[in-house]
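The values are calculated or read from the model by the stated rules, or taken from the named source; none is laboratory data. Since this is a predicted model, take the numbers as computed values, not measurements. Counting neighbours? That spans all protein chains shown, and the Cβs are built from the backbone with ideal geometry, glycine included.
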Amino acid sequence: MTDLFQEPEDATPLEPSERDGLLQSWITIRSDLNEAEQENIVKAAVWARRRRVREPIDLLNDNFARMLHKRMFGEVWKWAGTYRQTERNIGIDAYRIPAVTPELLSDVCHWVEHRTYPSDEIAIRLHHRLVSIHPFPNGNGRHARLLADLLIENLGGDSFSWGGGSLADVGALRAQYVAALQAADGHDINPLLAFARS
């Protein structure tokens, strides 16, 4: 039996007040939590892809970003879709999130409009900066990956493979993903671009 709230070493743990937001009493072990979250994420992806999104700006706004997170985790966590209120060992100060997240989404709209980068790179830069902000208590990587997939699809590309496996558990694939994120932190986006298409 694994501890319900035991995160991989490179993941950010939930605060006790955030743990209290678990909605499903049947979830008692980590595998139950992973399964419930994944089921919720699949439903959210279907919902997002069924929406009539004509322009990238329809995806790249604060309301949609928060609604997507709520759709991804709202059947599991009470705080889904709301910005974190607590400090983390990653991300920006919590009080800055409501200003910085819309600013990022506006930047990405500008990149799309002016073709600042190739489409894949725009989506991956969105992903990286969103993960760097770390706006939600949990699920930031999964949220940023789905939003990047939705954007690249809207721009006429194929969704990313993200290494072709599950990034939820400790392992070589997750380590490769984290290393690619760290390279992007150091201003080298190429490993993350390569990982997203591997």
Inset, instruction - Identify the single condition in (1) in a helix (DSSP H, G or I); (2) touching a Leu at 6+ places or on another chain (Cβ under 9 Å) that residue 103 does not satisfy, given that it satisfies every other one. - result: (2)
Inset, instruction - Among the residues of the range 40-54, count how many are over 18 Å from residue 141 (Cβ atoms) and in a helix (DSSP H, G or I). - result: 5
Inset, instruction - Identify, from the list 174, 142, the residue that is modelled with pLDDT under 95, in a helix (DSSP H, G or I) and surrounded by 15 or more Cβ atoms within 10 Å (Cβ to Cβ). - result: 174
Legend entry - All positions within the range 55-69 that are modelled with pLDDT of 95 or more, of a type in the set (A, V, I, L, M, F, W, C) and either assigned to a helix (DSSP H, G or I) or out of contact with any helix residue (DSSP H, G or I) (no Cβ under 9 Å at 6 or more places or on another chain) (or both): 64, 65, 67, 68
Inset, instruction - Evaluate the range 114-130: report whether one residue or more is in contact (Cβ under 8 Å) with a residue 12 or more places away in the chain, within 24 Å of residue 21 (Cα to Cα) and not in a helix (DSSP H, G or I). - result: no
Legend entry - Candidates 172, 180, 144 - the one that is of a type outside the set (Lys, Arg), under 26 Å from residue 85 (Cα atoms) and free of Cβ contacts under 8 Å to residues at least 60 places away in the same chain: 144
Inset, instruction - Return the residue satisfying two criteria in turn: it lies in the range 16-38 and is without any contact (Cβ under 8 Å) to a residue 24 or more places away in the chain and not in a loop (DSSP other than H, G, I, E, B), and of such residues it is surrounded by the most Cβ atoms within 10 Å (Cβ to Cβ). - result: 19
Legend entry - Matching option when the condition is in a helix (DSSP H, G or I), of a type outside the set (Ser, Thr, Tyr) and in contact (Cβ under 8 Å) with a residue 24 or more places away in the chain, among 192, 167: 192
